[in-house]
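To start, the structure under review is shown below, and the notes come after it.
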Amino acid sequence: MGRMACKEGGRTALVMLGVALACLAMSCNGSAPPGLEPTVRDSAGVRIVESRSAKWNAETSWTISEEPIVVIGRAGSGEDLFNVRGATRLKGGRIVIANHGTSDWAVFDPAGQWLGEVETPRGGRIWEIGSDDLLGTRRDELDVEEVRMYGILKPGG
């Protein structure tokens with residue numbers, strides 16, 4: 001019985017190898033210029049395919065704007081960010097950024113102008129960001145977890 005399982009496992013492996021080779025052969029149609037063929041390699045069981053030639057032309061390519069939509073935090077302005085861990089745009093357009101270096105959350109208006117900060121205790125964790133507040137937890141000196149709400153500044157104050 002052990003032999004049979006081994007034989008079936010071997011057949012399965014051969015079938016899978018055949019399918020993989022067939023897929024690889026179908027995906028490489030030979031249209032890349034010499035020296036620019038895709039490279040296929042394996043990394044910890046994950047197949048990585050690198051293409052050295054573009055598959056698009058001037059009509060089908062996409063680009064991004066040279067200028068950003070919004071600029072946040074200008075050096076020396078008091079709006080500096082340190083070790084940013086996340087950002088989100090709220091319903092009204094305000095932007096909230098997790099400034100992990102200070103454990104504060106910086107709040108900006110839709111144009112990127114700094115409105116203020118929401119101070120949170122070190123070691124706390126924010127679970128949800130609403131349009132008016134942050135919902136978080138922190139542990140006190142006895143390691144008891146408590147839930148806290150931290151208000152977010154509104155535009156104009």
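Structural remarks
- Cα gyration tensor shape for the range 95-157, rounded if a/c is under 1.5, else prolate or oblate: prolate
- Using a Förster distance of 25 Å, the FRET efficiency for Glu67-Glu128 (Cβ separation, nearest 0.05): 0.15
- Note on Val49/Leu142: beta-carbon distance plugged into 1/(1 + (r/R0)^6) with R0 of 35 Å gives a FRET efficiency of 0.05.
- By other beta-carbon atoms within 10 Å, ranking Trp105, Trp56, Trp114, Trp62 with the fewest at the front produces Trp62, Trp56, Trp114, Trp105.
Read-outs throughout are calculated quantities, based only on the coordinates presented, and are distinct from any laboratory measurement. This one's a predicted model, so the numbers in the text were calculated from it and none came from an experiment. So basically every Cβ, Gly included, is an ideal-geometry build from the backbone, and we count neighbours across all protein chains shown.
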